[in-house]
Amino acid sequence: MKVLAFNGSPRGTHSNTDRILQPFLKGARDAGAETETIYLKDLNIRPCLGCFTCWTRTPGICTQKDDMSLLLEKMRHADIVVYATPLYVFTVSGLMKNFMDRTIPLADPHIIKQGEHYVHLPRYKDAARRSVLISNCGFPERDNFSALVDMFHHFMNNHDSNLVAIILRPMGELMRQPDLQSFLSWYFQAAYQAGQELIKLGHITRETQAILDRDFMPIETYVTMANAWWDSQIAVSNAEQEEIETGRPLPHPTSMPTTLQELIAGMPLAFNAQSAGDLQAVIQFDVSGREPGQYYIHIANGKCSAFEGKHPDPNLIIHTPSDIWLAISRGEMDGMQAMMDGKYSIDGDLNLMIRFNELFSVAGTDIK
Ligand SMILES: Cc1cc2nc3c(=O)[nH]c(=O)nc-3n(C[C@H](O)[C@H](O)[C@H](O)COP(=O)(O)O)c2cc1C
C-alpha cells in the first residue's frame, strides 16, 4: 500500500507538522505500507492560472510546466494521500493551498449531484480514494480548525475520496521545544500508533484518537508559557539589535537640515529602498571642522537608520570636514571632484561610495 504525504509547512523537516507526520508514517511503514513525503516548500509549483485549459483543450493536463505534473502522477498511483499542513489564518498554509488548487486537472469539469451536494467527480478512476488530514496550530482551542476541516470535507467530495483520519493538534508550537520532547513522547507514540492502525484497520481506533485529541496542558498554563516565550524572543531580538547599534538613534529632522547632524539624520528620508535591494551596509561619517562628530547610517532589510556614534565595523568610512559635506549635499560642490581634490577621503568599500547617489536620491543629500 502506498502512502503519499504532502507537508505544506514552509519549515519543512523542522516543522511541527513533520513532528506529527513522521511518526505517523513510521507507524504506517511498520504496518507494511510504503511511504513518501513531499515537502512542498522544496518544489516549484506556480499558482493556478484559472484558465481551465486542463478541463477543456488539454483534459487532465495543466499548461504550466513545473513540478506539479509529477505530483499529479504520484497522486494517481497512491492508495492514501496525507495532507499535512500548519494552520495558517484558520485554513491550510499558502503552500498547501497553492498545491491543492493545482490538483484540479484531476477533476472532471461536469457538475454532478452526489448525495446532498453537487460536485466534480475525479477524472481518473485510479486516483487515491482515501485521504488523511494532519494539522497543528498555535492557538490552544480545537475549534480553530473548524474552517479547515469543513474545507477538507468539500475538497474530499470533489476528489471522491474519504477522509479516513483527521489529526488536529492545537498548542502545536510546544512540539518544537527541546525540553518538552520527553514530556510529549506519549503524543508522538500515539501518532505512530495511528499510522499503524490506519494501515492495519483502515481507521484510527477511538482509543488512539482520544489520546491524540488530549490537550497538552491546561489552556491557561499554555497561554502563560507561550506569552512568556514570545517575550523572551522579543527581548533576545532587542538585545541583538542593541548590540549592533552602538550609536544613539537620530530622530528625523522636521525642517530642511541646516547642520551636518540634521543632514545625516535626514538621510533615511532620502533613502531609496528599491535601489538598495538586499544591501546590508554601514556608512560611518568621521566629521571634522566646524561641526566635528561621529555618525553612521545603517542599511539593512530595505531600511535605513541614522545614528550618532561610532560603529565597530563599518563598510565605508567618509572622513570629511562638515562644511565640505554640507556644500556637496547642497549641490554647491561636485562630490567626486571634491574627493579627487582631497577635500574629503574614504576608507573601505569604494563601490558603496559609487552607489551613494543612487541610495540617497532625494535632493539635499545627493553627491553631485
Ligand atoms: C502566517 C501564519 C498564520 C497563522 N495562522 C494561525 C491561525 O489562524 N490559527 C492558529 O492557531 N495558529 C496560526 N499560526 C500558527 C501556526 O499554526 C503554528 O505556528 C504552527 O505550529 C506552525 O506549524 P509548522 O511548524 O508545522 O509550520 C499561524 C502562523 C503563521 C506563520
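The values are calculated or read from the model by the stated rules, or taken from the named source; none is laboratory data. If you're wondering where the values come from, they're calculated on a predicted model, not measured in any experiment. Cβ: placed from backbone, ideal geometry, glycine included. Neighbour counts: every protein chain shown. Calculation scope for accessible area: heavy atoms of the full protein, side chains included, ligands and nucleic acids excluded. Shrake-Rupley method; radii C 1.70, N 1.55, O 1.52, S 1.80 Å.
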I want to check the label-to-label distance for D101 and I354. Put each point 7 Å from Cα in the C-beta direction and report it in nm to one decimal. 4.1
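Under 8 Å for C-alpha pairs, at least 6 residues apart: give me the relative contact order for segment 82-176, rounded to a whole percent.
Working: 140 pairs, mean separation 32.0, N = 95.
Once normalised by length, the contact order is 34 percent.
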Enter the Cα centre distance for the pair segment 266-286 and segment 138-153, rounded to the nearest angstrom. 44
Where only protein heavy atoms count, and the probe is 1.4 Å, what is the accessible area per residue for segment 2-213 in Å²? 46
The FRET efficiency for M340 and A273, from their Cβ-Cβ distance with R0 = 41 Å and rounded to 0.05, is 0.85
Reach of K26 by Cα under 17 Å, taken over lysines that are not fewer than 8 positions away in the same chain: K2, K200
Quick one: Cα centre-to-centre distance for segment 58-88 and segment 186-231, in angstrom? 28
So what's the gap between the Cα centers of segment 294-368 and segment 97-115, to the nearest angstrom? 58
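So what is the relative contact order of the chain, in percent, for Cα pairs below 8 Å that sit 6 or more residues apart?
Relative contact order for the chain comes out at 13 percent.
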Using only the Cα atoms of segment 248-359, build the gyration tensor, take square roots of its eigenvalues as a ≥ b ≥ c, and label the shape rounded, prolate or oblate: rounded if a/c is under 1.5, else prolate if a/b is larger than b/c, else oblate. rounded
Ranked order, V287, V149 - accessible area, probe 1.4 Å, largest first: V149, V287
Gaussian network model of the chain, springs between alpha carbon atoms under 10 Å - residue of R19, R214, R169 with greatest fluctuation: R214
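Indicate, rounded to the nearest 5 percent, the antiparallel portion of the DSSP beta bridges found entirely in the chain.
So the antiparallel bridges in the chain amount to around 45 percent.
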To the nearest 10 square angstrom, what accessible area does T221 show with a 1.4 Å probe? 70
Just read off the accessible area of K343 with the full protein assembly in place, 1.4 Å probe, to the nearest 10 Å². 90
Relative contact order (%) - criterion: Cα under 8 Å, at least six apart; region: segment 2-213: 26
Quick one: accessible surface of C137, probe radius 1.4 Å, all protein chains present, in square angstrom to the nearest 10. 10
Taking W186, W325, W55, W230 and ranking on accessible area (1.4 Å, protein atoms only), highest first, one gets W230, W186, W55, W325
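Quick check: residue separation of E73 and V164 times 0.36 nm, minus the Cα distance between them. What number comes out in nm?
Numbers: separation 91, 0.36 × 91 = 32.76 nm, distance 2.17 nm.
Extending this stretch completely gives an extra 30.6 nm.
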Sequence-distant lysines (8 or more away, or on other chains) whose Cα lies within less than 24 Å of K113: K125
Mind checking which lysines have their C-alpha under 20 Å from K343, skipping anything on the same chain fewer than 8 residues away? K368
